[in-house]
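Taken together, the values in this text are just the output of simple stated rules run on the coordinates, not laboratory data. Model, not experiment: these values are computed from the prediction. All Cβ positions, even for glycine, are placed from backbone atoms using ideal geometry, and neighbour counts span all protein chains on display.
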Amino acid sequence: MAKLKSPSITLSFIEKAASAITRGDRGVVGLVLTDIAQRTFTVTGVSDIPLDLSDENQQLILDALKGYTQAPLRVKVFVMAKADDMASAYADAERYFATEQVDYVAFTSAVTDTKAEALATWVKGLRDNYHSKIKLVVPYAADSDGVIDWESTLTRTTTSTDSKTGKVTVTRTSIVPEKGCARIAGLLAGTGLTLSATYAKLTDFADVDRLDPDALDDAVGSGKLVAFWDDDAVKLDRAVNSLQTTTDVKGDSFKKIKIVEDMDLMQYDIRKTIKDDYIGKYVNSYDNKLLLVTAINAYFKGMVDSGVLSAGTCEIDVDAQKDYLKGLGKPVVIPQANGMAETKDIDKCTDMDIKKANTGSHVFLRATVSILDAIEDVTLPISI
């Protein structure tokens, strides 16, 4: 007898052309700072920021709170103590965020502490092995749809006025990428489901290290998220993650931050609903399988109505269910409408027989959806 494991749900993400799946809770930033003492706290507004933090750390939290079309729901902060062993401090931060529901996490000293590569590996593991929707913002080319490689240095200006002379002094401060990750994590968490962060204005910055058009194209093409100066404002270029290596399962659309965010959101919602409302609460009959299918299709319809999807459908996966039954190595028992049962060899079963067959504790479903991208590329020939 096979060794029993915890009940599991596998939602397969298969991309065919422009198709993909997923959605869930959103809008939470994880922020890792370094200060005097280790602690954790949650910030939903300016008044929640501890005043005993350094000025730099208070500003990083303010940056994360700014968001984009909306502010993040909250910022969960983990403060590492300066005097601690840094390997241990990072391990503590990783353990903390591994069990917290956050969308984007930024470690604001990752490059200085030479931890960027290790953090990228950690996030990849969470996403691949534990169905996490966490995404890391860090200056590192991770080749992952779960890592945003932020690479621009921003310029912030502040003004001060001498109380005696009235002289106004303007100070320009460079915000290196590892510090700018706090702002970008907040911006991405505050981007609406039907929007992309492409061309988002960073109005709180006065300038950015400028790249020429070819360099911008090269940066985007290599999976870097960068900003540029556009007329009179700093804007994000195309909102891409660091994914470079595509497969039949993860195609080019997985390079888009918006598409991955929508997929993560959908995965979270569907998994949570199944865990909360279905696992252990229904016998695994054909009728109850259809209840689950109907619920998921209703969810997809809601996503279509809200403009996240153009289409979505879920059904029983006959092929997967047939493979499972064939693997049992015995005739298939098919319930009949009169309460009796019919026994058939697997190769003589119809699709309906397969759907109605007893599959133990296993439910095999498949879904196809089409996620709506944002307008980013416009072609307009003008004839005169």
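Taking the chain as a Gaussian network of alpha-carbon nodes connected by springs under 10 Å, the highest mean-square fluctuation of the residues Y199, Y282, Y104 belongs to Y282.
Please identify every one of the trypsin sites (Lys or Arg not before Pro) in the stretch 185-260 that sits in a loop by DSSP and has no more than 15 other beta carbons within 10 Å of its own beta carbon.
Working: sites: K201, R210, K224, K235, R238, K250, K255, K256, K258; in loops: R210, R238, K250.
The qualifying sites are R210.
Within the listed set G190, G360, G166, the Gaussian network model of the chain (springs between alpha-carbon atoms below 10 Å) gives the highest mean-square fluctuation for G166. Taking a point 7 Å from the Cα of T153 along the Cα-to-Cβ direction, the residues of the stretch 207-249 with backbone N closer than 18 Å to it are 207-212, 215-216, 219, 225-229, 234-235.
Are there trypsin sites (Lys or Arg not before Pro) in the stretch 281-354 that DSSP puts in a loop and that have at most 12 other Cβ atoms within 10 Å, and which ones? Here the trypsin sites (Lys or Arg not before Pro) that fit, given the DSSP loop and packing criteria, are K281. Which entries of K301/K326; K281/K356; K115/K272 show an alpha-carbon separation above 23 angstrom in the structure shown? Correct reply: K301/K326; K115/K272. Calculated on the Cα set of the chain, radius of gyration then Dmax: 24.9, 97 Å.
Using just the Cα positions, wrap the stretch 75-123 in a convex hull and report its mean projected area in square nanometres, one decimal place.
Working: hull surface 13.4 nm².
Average projection, Cα convex hull of the stretch 75-123: 3.4 nm².
Computed on the Cα atoms alone, the convex hull of the stretch 281-371 gives a volume of 106 cubic angstrom per residue. Modelled spin labels at A341 and Y282, positioned 7 Å past Cα toward Cβ, are 2.1 nm from each other.
Between the helical axis of 257-277 and the longest alpha-carbon principal axis of the chain there is an angle of about 50 degrees.
With r defined as the distance between the Cβ atoms of T313 and T42 and R0 fixed at 41 Å, what FRET efficiency is calculated, to the nearest 0.05? Kindly include the intermediate steps, with their values, before the conclusion.
Details: r = 38 Å, r/R0 = 0.93.
With a Förster radius of 41 Å, E is 0.60.
Indicate, rounded to the nearest 5 percent, the antiparallel portion of the DSSP beta bridges found entirely in the chain. The answer is about 65 percent antiparallel. Here's the list of aspartates and glutamates a cross-link from K82 could span, going by alpha-carbon distance under 18 Å and ignoring same-chain residues fewer than 8 apart: D35, D52, D55, E56, D92, E94, D113, E178.
Normalise the Debye intensity by I(0) for the stretch 35-104, one equal point scatterer per Cα, no solvent, then take log10 at q = 0.15, 0.26, 0.27, 0.28 Å⁻¹ and round to two decimals. Per q value, in the given order, log10 I(q)/I(0) is -0.52, -1.28, -1.32, -1.34. Taking other Cβ atoms within 10 Å as a rough exposure proxy, E100, E178 sort from fewest to most as E100, E178.
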